[in-house]
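Chemist: Pasting in a structure now, in structure tokens, and then I'll have a few things to ask.
The values are calculated or read from the model by the stated rules, or taken from the named source; none is laboratory data. Everything numeric here is computed off the predicted structure, so don't read it as measured data. Here Cβ is always computed from backbone atoms with ideal geometry, including for glycine, and neighbour counts include all displayed protein chains. Note: areas computed on protein heavy atoms with side chains; ligands, DNA, RNA excluded. Shrake-Rupley method; radii C 1.70, N 1.55, O 1.52, S 1.80 Å.
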Amino acid sequence: MLFLLFSLIILFFLELVLGSVSIPCPEIIRILTGQGSSHDSWEIIVYNFRLPKAVVGLCAGAGLSIAGLFMQTLFRNPLAGPDVLGLSSGAALGVALVVLTAGTAGPSSILANLGFFGNFGIAIAASLGSALVLMMILVVSKRVRSSMTLLILGLMFGYTANSFISILMHFTLAERIQAYTIWSFGSFGGTTWDQIQILVLFIVFALVFSIFLIKDLNVLLLGDQYAESMGLDLIRIRNKIFIITAVLSGVVTAFCGPIGFIGISVPHLCRALFATANHGILLPGCILLGACLALIADIIASVPGYSITLPLNAITSLIGAPVVIWIIFSKSRNGMEVSV
């Protein structure tokens, strides 16, 4: 665990150092300690671009990883992730409604035209979309006790939301489609400090609340029937998990776009690293490892030394897809079939 914490500190520092303009380490330290810099432009780059991006990446990686851990525990399915219930798709639908119908030039112009929404327009739209799917899931969960049935219903809600997005894209203008497509690539940049305060507030609240669920999550690993025999209220714990997952995946999607594979891969990497299923260890492990992988992906996407930026989702897919392939092959080698 200490190694992950040390790695996270190093990666956070590298996120500030590396980029299209390389800033020496001593200058980064001077800037962070308030001593200024020999180049004013470096100070602007760090405070206005790289530091916000590093904080957002840390929060997004931690949030998505915990959401994935919760989903895999609840459904006892190795391929469950934070978007398994369609929450990320619902958030994406909210953003699509804004981007594909409100603007003409790009995300910044779209937000400028929203008036009341201001800089939080896309975030509010994504949160409403995620909350709408959550309410449908909560209504269904009162009548459905099978976690696998809820998993399938969540996938169907996600497919439905994606269908509406495809219909919107078919009837909208090309420049609006381009604006939405850029957002869907995923990015930790482009956020203001006011937005970051909201992101950090929601992420920290959800992570702190998650600590109180560790015992219940460990009981869920033994099956629904055993959990009920131990006096665990399945409906209550399931609703708590849904709410936390909705908050984590919804707010990350709102500010960063739909980031894939981190939520699926990190919990498995933590189980392999710590050789345990105890959530008391996996919870902090996923927070640290998820933040590390998110920062690694963003550093690679920034292509240090060049003035180009690769799509973040492309990098997270290159990291996460091999993990999913490893999961499938390991299950097959043990004579088990991965259910979806």
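Chemist: Does Gly263 satisfy the condition of being under 18 Å from the mean Cα position of the chain (by Cα), surrounded by 13 or more Cβ atoms within 10 Å (Cβ to Cβ) and either assigned to a loop (DSSP other than H, G, I, E, B) or not small (Gly, Ala, Ser) (or both)?
Modeler: no
Chemist: Another question, if that's okay. Test Ser166 against the stated conditions and say whether it is in a helix (DSSP H, G or I) and of a type in the set (S, T, N, Q).
Modeler: yes
Chemist: Kindly list the number of the only condition in (1) farther than 29 Å from Ser141 by Cα; (2) surrounded by fewer than 23 Cβ atoms within 10 Å (Cβ to Cβ); (3) of a type in the set (Ser, Thr, Tyr) that fails for Thr316.
Modeler: Of the numbered conditions (1) farther than 29 Å from Ser141 by Cα; (2) surrounded by fewer than 23 Cβ atoms within 10 Å (Cβ to Cβ); (3) of a type in the set (Ser, Thr, Tyr), the odd one out for Thr316 is (2).
Chemist: Test Gly81 against the criterion of being more than 30 Å from Ser146 (Cα to Cα) and at pLDDT below 85, and give yes or no.
Modeler: no
Chemist: Search the range 311-333 for residues that are at pLDDT below 75 and pair each with any residue that is open to solvent by 50 Å² or more (accessible area, probe 1.4 Å) when their beta-carbon atoms are under 8 Å apart and the residues are at least 6 apart or on different chains.
Modeler: From residues that are at pLDDT below 75, the pairs are Lys331/Glu337.
Chemist: Here is a follow-up. Among the residues in the range 36-46, are any among the acidic types (Asp, Glu) and surrounded by fewer than 16 Cβ atoms within 10 Å (Cβ to Cβ)?
Modeler: yes
Chemist: Let me ask you something else. Is the range 294-309 home to any residue that is in contact with a helix residue (DSSP H, G or I) (Cβ under 8 Å, 6 or more places away or on another chain), modelled with pLDDT under 85, open to solvent by 30 Å² or more (accessible area, probe 1.4 Å) and of a type outside the set (Phe, Trp, Tyr)?
Modeler: Looking for residues that are in contact with a helix residue (DSSP H, G or I) (Cβ under 8 Å, 6 or more places away or on another chain), modelled with pLDDT under 85, open to solvent by 30 Å² or more (accessible area, probe 1.4 Å) and of a type outside the set (Phe, Trp, Tyr), one finds at least one in the range 294-309, hence yes.
Chemist: Within the range 245-253, identify whether any single residue is open to solvent by 10 Å² or more (accessible area, probe 1.4 Å) and either among the polar types (S, T, N, Q) or at pLDDT 90 or above (or both), and answer yes or no.
Modeler: Taking every residue of the range 245-253 in turn, none turns out to be open to solvent by 10 Å² or more (accessible area, probe 1.4 Å) and either among the polar types (S, T, N, Q) or at pLDDT 90 or above (or both).
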